[in-house]
Amino acid sequence: MTGAEVLCERESLGLTQSDLARLLGNNADTIRDWERGKTFTPVRLAAQIAEVEALLEEATERAVAELVAELRAMPRPRAVVYGEGERPQQGDVERFGVRWWRGVASKAKAQVPGTRIGTQADFDAIDREA
């Protein structure tokens, strides 16, 4: 793979360099160097990225279904998401990253009318004003 291909694949998966590095067992500097063409990518990288993509697809489908069920049980459905600087220490959000979780929330919102998406701080502010 070329550096540009790594960059395009990573972005199409909605992952940061740190997210992809964590999933591949590398560090973000290595991913950055590949994307910039500073170092060559390993021969097996395309297959590893395909494995990550399949893993993400399965996890996303499961997470959306679980979140939809939770939202449907709420009188005022709300999906809490995280900002770029936040590192939640919980399951798939920790594993795949906050961008991935925001995508999950968006897909779930499309299935549950009236759902609001926001950070916990957003919802705390809304509740104080109510």
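Points to keep in mind about this one:
- Counting only protein heavy atoms and a 1.4 Å probe, the chain has 60 square angstrom of accessible area per residue.
- Helix 3-12 axis, angle to the chain major axis (alpha carbon atoms, nearest 10°): 20
- Folded to 0 to 90 degrees: helix 120-129 orientation relative to the chain principal axis, Cα: 20
- Environment charge at Val112 (Cβ cut-off 13 Å; Lys +1, Arg +1, Asp -1, Glu -1): +4
- Pairwise Cα inverse-distance average, inverted: Kirkwood Rh of the chain (Å): 16.1
- Degrees separating the helix 45-72 axis from the principal Cα axis of the chain, which is the longest one: 0
- Dividing the summed -39500 (n - 2.57) terms of all DSSP H runs of n ≥ 4 by the residue count of the chain sets its mean residue ellipticity at 222 nm at -20000 deg cm²/dmol.
The values are calculated or read from the model by the stated rules, or taken from the named source; none is laboratory data. Not measured: the values here are computed from a predicted model. Methodologically, a virtual Cβ is constructed for each residue, glycine included, from the backbone with ideal geometry; neighbour enumeration extends over all protein chains shown. Remember, those area values only see protein heavy atoms, side chains included, never the ligands or the DNA or RNA. Shrake-Rupley method; radii C 1.70, N 1.55, O 1.52, S 1.80 Å.
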